[in-house]
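One structure is given here, and the rest of the page talks about it.
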Amino acid sequence: MDIDDLLKEAQNGDKKAESRLFEILCLRFTKLANYNSMKNKQDIEDIVQKALITVASEYKKMDFQTGFLKWADRIMTLKLWNHFTKRRRWKKIQIPLSDYQHEINAPSTDEDQELRRMILRCFEMVVGSEKLYANVLALSYEGYKAPEISQKMSITTNYCYYLLSIARAKIEECLEKGKVE
Amino acid sequence: MKECNDPSIGQLLHAFELGVLTEKERESFELHLAQCEYCFEKFMQFQEVTLQIRAGEEAREIVSDMAFPSAPSILSRIRAWLLELIPRLKSPKLLLAQMILILAIYAGFTNWLGTGVQQTLYLMPERGSVGNILMLDDGGKAEIIFDMSKANRQKQYLIGVFSPDDEIVISNVDYSLNTEFRGRIIGKVRIPVNVLMPGNYILRVSNENAAYDSALYEYEFMVK
Ligand SMILES: [Zn+2]
């Protein structure tokens with residue numbers, strides 16, 4: 001039985017199909033954690049469990065146009081991201097399981113260096129031209145969340161989000177064109 | 001997919017990347033990312049940038065350099081707002097007292113001035129309570145550490161730095177009265193040096209509800 005049939009049956013309430021589906025996901029998520037060089041067994045279990053809970057609470061409501069596994073992989077990927085960015089365990093996440101093959105080939109060190117320099121240049125330009133963005137970032141480094149940041153800056157939270165999306169677009173634009181307009 | 005399937009949620013992407021969403025928002029944004037081809041692709045492509053911004057020392061330095069000069073503009077905004085709000089308060093000293101109160105509320109906002117301290121000035125009674133801050137070409141920040149032995153740890157204080165004409169320069173107060181310096185309670189103020197002009201300044205500490213003139217402490221220092 002392929003995964004889509006299993007999914008359909010599980011979505012229709014077949015308990016056996018559901019437990020088989022989650023067994024498959026559990027293995028798949030663990031592999032994904034291993035692929036991202038996670039070593040601590042307890043951490044892996046925690047994250048896999050978090051991802052499985054999210055999948056379990058959402059999968060019945062969903063109509064998977066882009067594919068169930070792809071969606072599930074993303075859920076797990078985002079849980080990994082959350083783990084890696086918490087408490088300074090910074091790390092880039094990789095997705096080897098689905099069709100994101102291009103992520104696997106890490107750039108060579110030289111390219112890496114050049115990219116890093118370019119990112120910093122663009123970042124500096126945007127931070128320099130958007131003082132409020134600099135302030136939001138400074139407060140985010142202090143551990144504040146958007147509602148507190150907005151309050152401290154006397155702006156609305158929506159405006160804070162808007163600011164951030166504009167700044168991000170400018171960084172992207174700079175990385176593409178090499179300058180900010 | 002060329003577009004986000006829900007731009008009102010999609011615009012939270014950078015907030016998600018920077019980790020500033022609340023726990024609840026983050027969880028629901030994760031669900032959006034998992035379903036939105038466009039946003040997920042953008043998120044994956046931007047990871048290197050995100051990590052640099054969040055974890056890179058250089059990025060943090062850039063931010064601390066760029067962020068602090070805007071503090072005076074916030075101050076002038078508060079000042080303008082106050083002038084508009086209380087036009088009847090003609091006495092500059094009363095007005096100033098109001099401003100300090102508001103500045104104290106805003107103290108948290110300026111806490112991020114804390115990085116990049118280049119000179120430290122100790123204002124302690126045994127040193128005569130006077131000192132100097134040097135104007136350095138490359139700016140940076142000066143940290144003033146002053147004795148607050150008379151202070152009560154449970155209370156809040158208003159702390160302001162004044163130029164001779166009683167104009168507030170900046171108030172960036174670290175209320176960490178638990179911090180001890182050689183066994184006594186101290187207060188800390190950090191100032192970006194480039195907002196100062198050469199001259200004499202007064203650092204004034206008063207009780208939250210006290211009148212402007214009844215300062216608990218007054219320290220003098222000179223900027224050269
Ligand atoms: Zn989207």
How much net charge surrounds B:LYS42 when only other residues with a Cβ under 10 Å from its Cβ are counted (Lys, Arg +1; Asp, Glu -1)?
-3
Can you tell me the length gained on complete extension of the stretch A:TYR35 to A:GLU111, counting 0.36 nm per residue apart and subtracting the Cα distance?
25.1 nm
For A:LYS60 and A:LYS177 in one chain, what is 0.36 nm times their gap in residues minus the Cα-Cα distance, to one decimal in nm?
37.8 nm
Lone cysteines in chain A, defined as no other cysteine's Cβ under 4.7 Å from theirs: which are they?
A:CYS26, A:CYS160
Nothing charged except the Cβ atoms of Lys and Arg (+1) and of Asp and Glu (-1): what's the magnitude of the dipole of the range A:1-96 about its Cα centre? Round to the nearest 20 debye.
780
The set of residues whose placed amide H lies less than 5 Å from the amide H of A:ILE93, leaving out same-chain residues fewer than 5 positions away, is none
In nm, to one decimal, how far is the A:TYR159 label point from the A:LYS86 one, both placed 7 Å along Cα→Cβ?
3.3
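Find the sum over both chains of the accessible area lost when A and B are paired, probe 1.4 Å, and report it in Å² to the nearest 100.
Counting protein atoms only, the buried area is about 5400 Å².
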Hey, what's the range A:3-94 come to in accessible area per residue, 1.4 Å probe, Å²?
54
Before I look further, what does the range B:7-66 give for accessible area per residue, probe 1.4 Å, in whole square angstrom?
36
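Using a 10 Å cut-off around each Cβ of peptide A:49-57, what is the average number of partner chain Cβ atoms that fall inside?
1
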Using θ = phi - 60° and the Karplus curve 6.51 cos²θ - 1.76 cosθ + 1.60, what whole-Hz ³J(HN,Hα) does each residue of the range A:127-133 get, with Gly and Pro shown as x?
4, x, 8, 10, 4, 5, 5
For the range A:111-124, just list the computed ³J(HN,Hα) in residue order, Karplus coefficients 6.51, -1.76 and 1.60, θ = phi - 60°, integers in Hz, with x standing in for Gly and Pro.
4, 4, 4, 4, 4, 4, 4, 4, 4, 5, 4, 5, 4, 4
Carbon + sulfur, % of accessible area of the range B:7-66 - ligands and nucleic acids excluded, 1.4 Å
50
For the range A:109-177, accessible area per residue (1.4 Å probe, heavy atoms of protein chains only), Å²
48
Could you size up the charge dipole of the range A:109-177 around its Cα centre, putting +1 on the beta carbon of Lys and Arg and -1 on that of Asp and Glu, and report it in debye to the nearest 20?
340
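The values are calculated or read from the model by the stated rules, or taken from the named source; none is laboratory data. Note that the coordinates shown come from a computational prediction; the quantities given were computed from them, not determined experimentally. So basically every Cβ, Gly included, is an ideal-geometry build from the backbone, and we count neighbours across all protein chains shown. Accessible surface is based on the protein model in full, side chains and every heavy atom, while ligands, DNA and RNA are left aside. Shrake-Rupley method; radii C 1.70, N 1.55, O 1.52, S 1.80 Å.
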